[in-house]
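Before any comments, here is the structure.
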Amino acid sequence: MKPRNREINIFNLSMLDVISGAMAAFLIIMVVLIPYYKKESIDYQAIIDRLQQTVASLRQDVAEAQEQARQTQAEAERQRRRAEDLARQLAKTFLVLYVRWDTRDDVDLHLVDPSGAEFWFRQKTVPGRPGELSEDNINGPGNEVWEIRDAPPGDYKVYIKLFAVKDRRKPVVVKGRLFHRDDSNPMPETRLARKGQKEHVATISVDREGNVSVH
């Protein structure tokens, strides 16, 4: 049997030395660079965290701005409705028409509103229409009153009628006054001489702003 060759080859040892040295050098380099890799990774994560916080803050700012805009819009809408309501209230006016006479005769007040509804002693109120003949006298000296709390715009025609003659010595003189939101106006004096006589005394005009005129 041929004996094994136990001779150590110098070339083989040299290659092993080279490989071992290279591996050692690689491990040393990796150990040296590990902190830098770790530090770079931490820095990127911190940047990502800051960006996420900035985005969240921006989203919160946008939400707050949107909510403030909604509140501002809602407040503006409330103020607009309030102003319109105040304007509507200012545009309203009441009317109180008062007429009187100083004889024993029976005088009737008739008022026709803008819709054509007529108020008089047999129809002191009209269904569906504002206003009321609140005072009616059949024995003079007397007075009659028609009133309305919120007068719709339009023309109100005033008539006076001599319903019954009880004093023939002189004609009936009817005077009156209109009270409204801004002032009061005297009504034209009217003279009635015969039973059943009905005279158009005046027309009361109310505009959309609640201004009143008598003509």
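Within segment 197-213, which residues are surrounded by fewer than 19 Cβ atoms within 10 Å (Cβ to Cβ) and under 15 Å from V174 (Cβ atoms)? Explain how you work it out, then say what you get.
To start, the set of residues in segment 197-213 that are surrounded by fewer than 19 Cβ atoms within 10 Å (Cβ to Cβ) comprises 197-200, 203, 205, 207-209, 211, 213.
Correct list: Q197, K198, E199, H200.
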Review point. What are the residues in segment 129-172 that are surrounded by fewer than 14 Cβ atoms within 10 Å (Cβ to Cβ), at pLDDT below 95 and either within 32 Å of the chain's Cα centre (by Cα) or of a type in the set (D, E, K, R) (or both), if any?
Key: R149, K166, D167, R168, R169, K170
Exercise for review: Return a yes/no flag: does segment 105-128 have any residue that is modelled with pLDDT under 95 and either outside the structural domain of K166 (by TED's automatic domain parsing) or touching a Pro at 6+ places or on another chain (Cβ under 7 Å) (or both).
Suggested key: no
Check your understanding: Across segment 87-117, which residue is nearest to the chain's Cα centre (by Cα) among those that are under 18 Å from D155 (Cβ atoms) and surrounded by fewer than 14 Cβ atoms within 10 Å (Cβ to Cβ)?
Key -> S115
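Could you grab me the full set of residues in segment 99-129 that are assigned to a loop (DSSP other than H, G, I, E, B) and under 17 Å from T203 (Cα atoms)?
Taking segment 99-129 first, the residues assigned to a loop (DSSP other than H, G, I, E, B) are 102-105, 113-117, 121-122, 124-129.
Residues satisfying the conditions are D113, P114, S115, G116, A117.
The values are calculated or read from the model by the stated rules, or taken from the named source; none is laboratory data. Keep in mind that what you see is a predicted model, and the values were worked out from it rather than measured. For neighbour counting, all protein chains shown are included, and Cβ atoms are generated from backbone atoms with ideal geometry for every residue, glycine included.
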